[in-house]
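Reviewing the structure listed below.
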């Protein structure tokens with residue numbers, strides 16, 4: 001590892017890893033998007049979550065292979081995996097660019113959703129103001145040390161899990177199965193139409209790979225955390241959505257600003273609804289806290305590879321966090337909250353997440369052939385036929401979602417891609433002027449991976 005990379009402190013253990021992946025997954029998606037999906041799929045939403053399970057598990061297994069290689073010691077996630085597998089900086093950069101946009105939009109969206117849920121307790125609260133306060137608070141936590149991030153993430157996940165138990169256990173006895181007759185009220189077309197929307201619930205689990213450079217023994221611990229964390233989240237999604245659509249009509253859930261609290265109000269006393277509302281806010285906060293890692297670490301690793309200005313990879317001398325990248329991403333996200341443009345960026349950038357998973361699937365299938373030494377170094381190394389199955393599921397599903405989504409945002413995807421290409425070109429040009437040797441850096445990484 002280079003000296004600059006070693007400045008990131010490895011303070012996160014397995015518990016923080018589970019808190020990261022589950023806290024990000026069980027967040028805005030299940031508490032906000034689930035109800036909205038009912039408008040297009042009706043009560044078949046739990047079935048849609050269940051159909052996603054094999055897709056997202058295969059995607060998680062794909063990441064598990066890469067983080068079990070020496071690449072898993074570095075931050076950067078799919079950017080590092082793709083660029084080092086194919087030995088192409090541009091392919092890794094452009095694949096991650098739209099995802100970077102999506103996560104900045106998601107941060108502002110989830111912060112605003114937290115502010116809106118707060119009105120359950122304080123109807124006069126200004127959602128934008130409280131969204132900004134929450135975002136500034138968690139950026140501050142992330143600034144002063146990754147260990148503090150892990151502690152608060154674990155604490156908030158505990159609150160969230162209590163609220164889920166309060167919602168689900170008695171809720172299972174309150175379900176009216178007549179709400180599920182017919183099983184596909186909007187037809188199969190409605191079910192498929194809802195799936196890209198519900199994908200937002202599953203998107204973000206790969207954030208775990210962004211903290212690989214700050215995790216203890218990541219190549220050994222992270223692969224299983226990926227798999228177990230996703231499995232736990234799948235069970236939670238199916239149970240929560242089954243209860244929600246079993247006690248309230250889909251139309252009521254679709255129009256609610258606090259859907260799960262409204263669900264709890266059907267069969268729990270007022271204190272129970274309050275606990276669920278607190279859990280919902282904890283869900284948004286765990287998602288916010290975890291998602292902050294993505295843009296800041298992406299700016300950091302792009303800067304390390306001299307695709308962005310060197311200042312973005314500066315590490316605080318005391319806290320050893322990428323504080324410049326954190327400050328810049330915070331300023332962008334808060335601006336989005338007040339200009340109400342976060343949802344636009346989120347919807348535009350969601351296709352970027354489809355694309356990054358698609359390319360990651362292609363990288364997995366290609367790995368034994370284009371970089372056999374890296375494949376052999378993996379501690380989690382499924383046989384090649386299994387790799388083809390896993391990668392095939394990811395490629396087919398993410399290819400489908402990309403095709404049906406791109407028609408609505410193709411112009412903005414094209415513009416975003418051109419902007420990303422321009423930034424990449426400028427970064428490479430500046431790096432060459434500084435004398436940065438890109439080929440040597442790539443070769444150095446490949447040598448270090450095998451050591």
### Query
Of all the residues that make up the range 380-395, how many are exposed (fewer than 15 other Cβ atoms within 10 Å of the Cβ), at pLDDT below 95 and under 24 Å from the mean Cα position of the chain (by Cα)?
0
### Condition check for residue 277: touching a residue at least 24 places away in the same chain (Cβ under 8 Å) and buried (at least 24 other Cβ atoms within 10 Å of the Cβ)
no
### Query
Somewhere in the range 318-327, is a residue at positive phi, part of a loop (DSSP other than H, G, I, E, B) and at pLDDT 90 or above?
no
#### Entry: Flag if residue 181 is over 28 Å from residue 331 (Cβ atoms) and at pLDDT below 90
yes
### Message
Conditions first: (1) under 30 Å from residue 69 (Cβ atoms); (2) under 18 Å from the mean Cα position of the chain (by Cα); (3) surrounded by fewer than 21 Cβ atoms within 10 Å (Cβ to Cβ). Residue 196 passes all but one, so which condition is the exception?
### Response
(1)
### Query
What pairs can you find where one residue is in the range 120-141 and over 22 Å from residue 152 (Cβ atoms), the other is surrounded by 14 or more Cβ atoms within 10 Å (Cβ to Cβ) and modelled with pLDDT of 90 or more, and their Cβ atoms are less than 9 Å apart, with a gap of 6+ or different chains?
122/130
#### Entry: Extreme residue, modelled with the highest pLDDT, among residues of the range 64-89 that are within 17 Å of the chain's Cα centre (by Cα) and part of a loop (DSSP other than H, G, I, E, B)
77
## Note on the structure
Scanning the range 304-317 residue by residue, the ones that are in contact (Cβ under 8 Å) with a residue 24 or more places away in the chain and assigned to a loop (DSSP other than H, G, I, E, B) total 7
### Query
Of (1) buried (at least 21 other Cβ atoms within 10 Å of the Cβ); (2) within 20 Å of residue 204 (Cβ to Cβ), residue 367 satisfies all except one. Which?
(2)
## Note on the structure
Per the filter on the range 132-151, residues under 17 Å from residue 14 (Cα atoms), surrounded by fewer than 22 Cβ atoms within 10 Å (Cβ to Cβ) and touching a helix residue (DSSP H, G or I) at 6+ places or on another chain (Cβ under 6 Å) are 148
### Summary
Checking 399, 422 in turn, the sole residue that is part of a helix (DSSP H, G or I) and touching a residue at least 12 places away in the same chain (Cβ under 8 Å) turns out to be 399
### Task
Name the residue, out of 189, 145, that is within 27 Å of the chain's Cα centre (by Cα) and at positive phi.
145
### Message
within 23 Å of residue 25 (Cβ to Cβ) and modelled with pLDDT of 90 or more: which single residue out of 232, 276 fits that description?
### Response
232
### Query
residue 93 fails exactly one of the following numbered conditions: (1) modelled with pLDDT of 80 or more; (2) in contact with a helix residue (DSSP H, G or I) (Cβ under 6 Å, 6 or more places away or on another chain); (3) surrounded by fewer than 24 Cβ atoms within 10 Å (Cβ to Cβ); (4) farther than 14 Å from residue 206 by Cα. What is the number of that condition?
(3)
### Task
Could you list, in sequence order, all residues of the range 26-47 that are at pLDDT 85 or above and surrounded by 24 or more Cβ atoms within 10 Å (Cβ to Cβ)?
41, 42, 43, 44, 45
### Message
Take residue 381 and tell me if it is over 21 Å from residue 100 (Cβ atoms) and not in a helix (DSSP H, G or I).
### Response
yes
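Which of the helices (runs of 4 or more DSSP H) contained wholly in the range 237-303 include at least 2 residues that are out of contact with any strand residue (DSSP E or B) (no Cβ under 7 Å at 6 or more places or on another chain) and within 30 Å of residue 214 (Cα to Cα)?
Correct list: 270-291.
The values are calculated or read from the model by the stated rules, or taken from the named source; none is laboratory data. No experiment lies behind these values; they were computed from the predicted model shown. We place every Cβ from the backbone using ideal geometry, glycine too, and count neighbours over all the protein chains shown.
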